[in-house]
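Asker: If you scroll down you'll find the structure; I have some questions about it.
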Amino acid sequence: MNRIGTGKLRLENTRKIMKQLQFGRPMTKRQIAESTSLTVATVGTILTVLLDSQLLIEADKISQEKGRPTIAYQINTNSFNFLNMILFRKNGANYYSLQVNNAFQETIFAIEAPISLINLEQISHILEKYILDYPLIKEIIIGIPSIISQDRVIESDISELKGMNLKEGLEKTFDLPIFVKNDMNFCALGYALTLPSK
């Protein structure tokens, strides 16, 4: 059995908690503990860190018949945004579709437009505009019609992408986490994230 280090375990537990809160429904510490199978103490420790970093807010105080009121927590929609881009071909031309989503994965901006050149400089230029317009962007996810291995494009419907390592080039430019995925994997992951947790 592989043991998970303390830092890795904390990250895994934090993801479990954020997954429960991703649809905006306020939850109490006990509700989060029950839905994640974590202890109330573990949940409390992680909630404190998430509150301090302003990723969560106290949404409500719930009165109980006995004892003190309990607090419900939810994600702070103003704490971060995601930028999602898909590159694709349509009618023989190259296009990009771009969305900025808030912490609840709600779309706050979307655009589809042609892109004359597909190279690192042009993609960086497009992304830079939206990063300036939406300074809360903390992560960029790019979907491309391609086979990707070790972050390098092996084969693609868009020939200019072949051999390119978008992740490495864009992370140097923007100092943000960049995820480059096959476009169908990207869409499947996006769909999976919209499903309620069990």
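The values are calculated or read from the model by the stated rules, or taken from the named source; none is laboratory data. Owing to the predicted nature of the structure, the values given are computational and were not obtained by experimental measurement. Backbone-built Cβ (ideal geometry, glycine too); neighbour counts: all protein chains shown. Note: areas computed on protein heavy atoms with side chains; ligands, DNA, RNA excluded. Shrake-Rupley method; radii C 1.70, N 1.55, O 1.52, S 1.80 Å.
Asker: Work out, step by step, the length gained on full extension between Ala188 and Met18: first 0.36 nm times the residue separation, then minus their alpha carbon distance; give nm to one decimal.
Answerer: Values: separation 170, 0.36 × 170 = 61.20 nm, distance 1.96 nm.
The Ala188-Met18 span can extend by a further 59.2 nm.
Asker: Rounded to the nearest 0.05, what FRET efficiency do Leu136 and Asp157 have when you use their Cβ-Cβ distance and R0 = 35 Å?
Answerer: Working: r = 32 Å, r/R0 = 0.93.
In this case the efficiency is close to 0.60.
Asker: Compute the signed sum of charges (Lys and Arg +1, Asp and Glu -1) over the other residues within less than 15 Å, Cβ to Cβ, of Gly169.
Answerer: Numbers: positive: Arg152, Lys162, Lys167, Lys172; negative: Glu121, Glu128, Asp151, Glu160, Glu168, Glu171, Asp175.
Counting the neighbours of Gly169, the net charge comes to -3.
Asker: Let me have the relative contact order for the chain, percent, based on Cα pairs under 8 Å that are six or more residues apart. Intermediate values should be presented prior to the final figure.
Answerer: Working: 298 pairs, mean separation 29.2, N = 198.
Taking the mean separation of contacting Cα pairs over the length of the chain, I get 15 percent.
Asker: Given Cβ point charges of +1 (Lys, Arg) and -1 (Asp, Glu) and nothing else, what value in debye, to the nearest 20, does the dipole of the chain about its Cα centre take?
Answerer: Working: 22 positive and 20 negative charges, 188 e Å.
Using Cβ point charges on Lys, Arg, Asp and Glu, the chain gives about 900 debye.
Asker: Looking at the chain, send over the antiparallel percent of its DSSP beta bridges, to the nearest 5. Numbers along the way, then the final one.
Answerer: Numbers: 28 of 39 bridges.
Within the chain, antiparallel bridges account for around 70 percent of the total.
Asker: Take Thr77 and Glu34, extend 7 Å from each Cα along the Cα→Cβ direction, and tell me the distance between the two endpoints in nm.
Answerer: Each label point is offset 7 Å from its Cα along the Cβ direction, giving 2.7 nm.
Asker: Express the accessible area of the chain per residue in Å², computed with a 1.4 Å probe while the remaining protein chains stay in the model.
Answerer: Values: 12080 Å² over 198 residues.
Accessible area per residue: 61 Å².
Asker: Per-residue counts of other Cβ atoms within 10 Å, averaged by peptide: what ranking do you get for 122-130, 95-103, highest first? The partial results should precede the final answer.
Answerer: Numbers: 122-130: 15.9, 95-103: 19.1.
Taking the mean over residues of other Cβ atoms within 10 Å, the ranking is 95-103, 122-130.
Asker: Still on this structure, I have one more. Along each of the three principal axes of the Cα atoms of the stretch 72-179, give the extent in whole Å, ordering the values from largest to smallest.
Answerer: Computed over the stretch 72-179, the largest-to-smallest principal extents equal 49, 30, 23 Å.
Asker: Can you compute the modelled spin-label distance between Lys61 and Ser149, with each label point 7 Å from Cα toward Cβ, in nm?
Answerer: That separation, rounded to one decimal, is 6.0 nm.
Asker: Setting aside same-chain residues fewer than 8 positions from Lys16, which lysines have a Cα under 25 Å from its Cα?
Answerer: Hits, sequence-local ones excluded: Lys8, Lys29, Lys61, Lys138, Lys181, Lys198.
Asker: Can you tell me the dipole magnitude for the stretch 65-157 around its Cα centre, using point charges on the Cβ only (Lys, Arg +1; Asp, Glu -1), in Debye to the nearest 20? Present the calculation step by step, with values, prior to reporting the outcome.
Answerer: Numbers: 7 positive and 10 negative charges, 55 e Å.
It comes to approximately 260 debye.
Asker: Can you give the helix-only mean residue ellipticity at 222 nm for the chain, where every DSSP H stretch with n ≥ 4 adds -39500 (n - 2.57) and the sum goes over all residues, rounded to the nearest 500 deg cm²/dmol?
Answerer: -11500 deg cm²/dmol
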